[in-house]
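Any read-out appearing in this document is the output of simple, stated calculations on the displayed coordinates, not a laboratory observation. In this text, all values refer to a predicted model and were calculated from it rather than measured experimentally. Every residue, glycine among them, receives a Cβ derived from its backbone with ideal geometry; neighbour counts consider all protein chains shown.
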Ligand code: SF4
């Protein structure tokens, strides 16, 4: 059985302007009925398979994002929703913005848009499901998915220094 | 020959309970979605969920929690086997409470405040519904003169005729046991839960899969007890029981979709009111008739 038949989703706002969050919430309303794909919106990282994350991640949110990511059991995928989450967007040059989720944790799918459209988001999540299955197969064949949290996050700090 | 029959029942329970549980829960989710004007998940979604959980890694907060969750499954299966083998219904209820306590201990052993709060609320829920479960056992004794399930299913007319109050009380606590709103205080499958995932907060991956499996066994056991109200020595009453159980199950789904959450004080009050109002008065009438 494929893992992607039952993806449970966690949404976190890593210092977005809330525009994308409203769209994420809209995408999980009964109107779009994501439960068709077996998707459940869970608030608990320990039950989640997909992390949908919005915003460019500021200094305060950085440790929270890392912690949420580390609390999710493998295999897991991360979807960066909105252009801020992809690369910092209009906040890119702010003194406290890391400039994208991938500076802090590995990101699997980038969904651009300001704000991200629910249709695009659902599309992105469905793309993420294929990656989820790949990761599961990789786990089965003992190719350990080594995650290096700090590999990217330090570059920005170094650049700033 | 009779022993042989009970052995078959145990094997059937072990093999079929997860299947029945998954089908019932799939039906629940599809019907719920249709009530809300959605298409809903595939019918076998609960099966996909459990299979996924078993493929995921578990983040174990402490070994005690895992041990407790596994014991919960074991005791639930033991309880179910006891029931379907025609054992003592009092013992069934006691063993079932023990399984429930193991789950609470599992949640207590974690540091997460949500998990602890969920455990506390589960405890309060238990206090609310335990008197009713005991009364159900006593009710069956008053009607059949025996606590043994094997004897209870041999009576002449359906127990519900003499135990309507007990039946209403038991249906009421089923809403709590199935973790349906308004009584989904400790944990729930829905996103509207106020304590994130409450009781199951710190149980993840394949350990959560074990717990979900335990709940499937538990739900089938609870529906089995519901069926006792209808089954007599006539074989056709088994069909009656199946129909009536489906109706009650549908009503529980309907209630889940109509009512919002309540506070635990209200739950406590109402559950005891229903227990003593319906089952209690039914009990008194039965006692007077026996004189
Ligand atoms: S992408 Fe646009 S809407 Fe989304 S968080 Fe950034 S600024 Fe707000």
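Structure notes:
- When we screen B:153, B:160, B:168 for residues that are surrounded by fewer than 22 Cβ atoms within 10 Å (Cβ to Cβ) and over 11 Å from residue B:228 (Cβ atoms), the only hit is B:168.
- Set side by side, the residues A:94, A:17 differ, and just one is part of a loop (DSSP other than H, G, I, E, B) and near the ligand (Cβ under 10 Å from one of its atoms), which is A:17.
- Of all residues making up segment A:1-14, the number that are outside any helix (DSSP H, G or I) and more than 16 Å from the ligand (Cβ to nearest atom): 7
- Selection count, segment A:97-129, where residues are more than 15 Å from the ligand (Cβ to nearest atom) and more than 15 Å from the chain's Cα centre (by Cα): 1
- Any hit, segment B:29-45, residues being within 15 Å of residue B:216 (Cβ to Cβ) and in contact (Cβ under 8 Å) with a residue 60 or more places away in the chain: no
- Residues of segment A:52-86 satisfying the condition of being within 14 Å of the chain's Cα centre (by Cα), away from the ligand (no atom under 16 Å from the Cβ) and within 14 Å of chain B (Cβ to nearest Cβ): A:67, A:68, A:69, A:70, A:71, A:72, A:75, A:76, A:77
- Residues of segment A:20-46 satisfying the condition of being farther than 20 Å from residue B:42 by Cβ and either within 7 Å of chain B (Cβ to nearest Cβ) or assigned to a strand (DSSP E or B) (or both): A:43, A:44, A:46
- Among the residues making up segment B:66-80, a single one is buried (at least 23 other Cβ atoms within 10 Å of the Cβ) and within 14 Å of chain A (Cβ to nearest Cβ): B:69.
- If you filter segment B:43-65 down to residues that are facing chain A (nearest Cβ under 7 Å) and in a loop (DSSP other than H, G, I, E, B), you find that the one that is surrounded by the fewest Cβ atoms within 10 Å (Cβ to Cβ) is B:57.
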